[in-house]
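First comes the structure, then the notes that go with it.
The values are calculated or read from the model by the stated rules, or taken from the named source; none is laboratory data. If you're wondering where the values come from, they're calculated on a predicted model, not measured in any experiment. Cβ placement follows ideal geometry from the backbone for every residue including glycine, while neighbour counts extend to all protein chains displayed.
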Amino acid sequence: MSWNRVSGSLSTPTVDVAIDMGNPFLNLTLDAFLKIGTVAATRAAAEDTFHVIQKGSISSKDFEKTLKKMCKEGAYWGTVAGVYVGLEYGVGRIRGRKDWKNATIGGAITGALVSAASNNKTESIAIDAITGAAVATAAEFINYLT
């Protein structure tokens, strides 16, 4: 019996924009804002493009709505990412260690801040803080495994 093997690799394009703010905290925060904000804006554009294709036509009003949505989503998620990365870095500096606990604390505080800024009640703020901590910790462990 003959065996064939297929081998290959998949790599994604890497785009790095280096803006030196003169401070590692600011550099990391701005980097997270730009990267995640770009992903969120792209997702909003893709979603609206799908709806336009389904509808079969586009108007200037649709285009304007898409641009506004891209800016809003990009700014929102970029800000959340910047806050999280800044908090994780700050906690690490305060604790003097770089481990998963920084991600947990940063995620919890970010979840609570985003929830409080959305005018949620105390119970929702606590749930969002726990969710933020769980997601950040899981991401840290997954990143450690890869």
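Can you list the helices (runs of 4 or more DSSP H) lying wholly within the range 27-146 that have 2 or more residues being under 24 Å from residue 14 (Cβ atoms)?
60-95, 122-145
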(message) Going by what's in this entry, would residue 121 be described as loosely packed, with under 15 Cβ neighbours inside 10 Å, free of Cβ contacts under 8 Å to residues at least 12 places away in the same chain and closer than 19 Å to residue 32 by Cβ?
(response) no
(message) Go through (1) under 22 Å from residue 110 (Cβ atoms); (2) of a type in the set (S, T, N, Q); (3) modelled with pLDDT under 90 for residue 79 and report which single condition fails.
(response) (3)
(message) Exactly one condition in (1) of a type outside the set (A, V, I, L, M); (2) surrounded by 17 or more Cβ atoms within 10 Å (Cβ to Cβ); (3) closer than 23 Å to residue 110 by Cα is false for residue 72; which is it?
(response) (2)
(request) Return a yes/no flag: does the range 96-103 have any residue that is surrounded by 18 or more Cβ atoms within 10 Å (Cβ to Cβ), at pLDDT 95 or above, more than 15 Å from residue 35 (Cα to Cα) and not polar (S, T, N, Q). (result) yes
(message) Taking the criterion of being crowded, with 20+ Cβ neighbours inside 10 Å and farther than 19 Å from residue 33 by Cβ, would at least one residue in the range 49-61 satisfy it?
(response) no
